[in-house]
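S.K.: Below you will find the structure I want to go over with you.
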Amino acid sequence: MLKALIVDDELMGCQALKKLLELYAQDIYIMQFCHSADEGARAIQVLNPDLVFLDIQMPGKSGFDMLDGLERIDFEVIFTTGFDHYAVKAFKIGAVDYLLKPIDGDELEAAIQRASERIKTKKSSAQNVEVLLQNLRGGQSESMQMALPTQEGIFYVPIREIVRCESDANYTIFHFIGRKKIMVSKNLKEYEELLSPYGFVRVHNQYLINLRQVKKYIKGEGGTVVMNDDAQIEVARRRKEVFLAELSKLTIR
């Protein structure tokens, strides 16, 4: 049985999650409800939980603030939040588990299964959480990192070192400075949504490129982009206008 804490400032939210856990995860023992970040931090130190369900938006300190204040994170975390576009992108980039309120039972069950598996195999997600916190501290800076889950494990990569992303059916191949490659079992559309705020543009159905890694643009019907790794990427005619507009913004800066 896994020992868990629920950290949420709303009592009704705690009770609703507890009821869902009784239905979908009977091997979870809820040790305590905590209604603030400070109360959660104290309970973690005293009770040493295996798993923490952590609300993000709380009065005073947020769930992120609570984690930032801990000496170490030696438990699994499942974040819970109302829809927050910025937070959800941060969760996906850091490859951490999160649940949107109102919480869906099937999604809760799947998140717990992943957390249980990590606990059993001692493959902690603590580094994923650390990457998330570092990214939140850094905002839109070049220090941003992304967690890429693969069959071999999770790779943590600086976003600035991604040259381009290539679609391969339901997979995405990441090409990096130094010509290293990583294949991830998610489609390119997902990464387009995550990386577009960081200077990435979809120039073709098959390619998403890092504008900061563009070496040269060759004019043509759509044109061709030459990347810093010397790859030549065709620009789709219908994507040319957006690409050139985004490239000019980067040049102006």
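S.K.: Would you point out which residue out of V129, V163 is in contact (Cβ under 8 Å) with a residue 40 or more places away in the chain and either assigned by TED's automatic domain parsing to the domain that holds A87 or of a type in the set (D, E, K, R) (or both)?
M.R.: V129
Yes or no, residue by residue, for (1) within 17 Å of the chain's Cα centre (by Cα); (2) in contact (Cβ under 8 Å) with a residue 60 or more places away in the chain; (3) exposed (fewer than 13 other Cβ atoms within 10 Å of the Cβ):
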| residue | (1), (2), (3) |
| --- | --- |
| L70 | no, no, no |
| D74 | no, no, yes |
| I78 | yes, no, no |
| T81 | yes, no, no |
| A95 | yes, no, no |
| Y98 | yes, no, no |
| K101 | no, yes, no |
| E107 | yes, no, no |
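S.K.: Still on this structure, I have one more. For S36, all conditions in the list (1) in contact with a helix residue (DSSP H, G or I) (Cβ under 8 Å, 6 or more places away or on another chain); (2) under 10 Å from D8 (Cα atoms) hold save one; what is the number of the exception?
M.R.: Among (1) in contact with a helix residue (DSSP H, G or I) (Cβ under 8 Å, 6 or more places away or on another chain); (2) under 10 Å from D8 (Cα atoms), the lone unmet condition for S36 is (1).
S.K.: Can V77 be described as at pLDDT 95 or above, in contact with a helix residue (DSSP H, G or I) (Cβ under 9 Å, 6 or more places away or on another chain) and either among the β-branched types (V, I, T) or not assigned by TED's automatic domain parsing to the domain that holds N128 (or both)?
M.R.: Judged against the criteria, V77 is a match.
S.K.: Please go through the stretch 223-250 and give me each residue that is touching a Leu at 6+ places or on another chain (Cβ under 9 Å), part of a helix (DSSP H, G or I) and of a type outside the set (A, V, I, L, M, F, W, C), ordered by number.
M.R.: Correct list: E246, K249.
The values are calculated or read from the model by the stated rules, or taken from the named source; none is laboratory data. Owing to the predicted nature of the structure, the values given are computational and were not obtained by experimental measurement. Quick reminder, even Gly has a Cβ in these numbers, built from the backbone with ideal geometry, and neighbours come from all protein chains shown.
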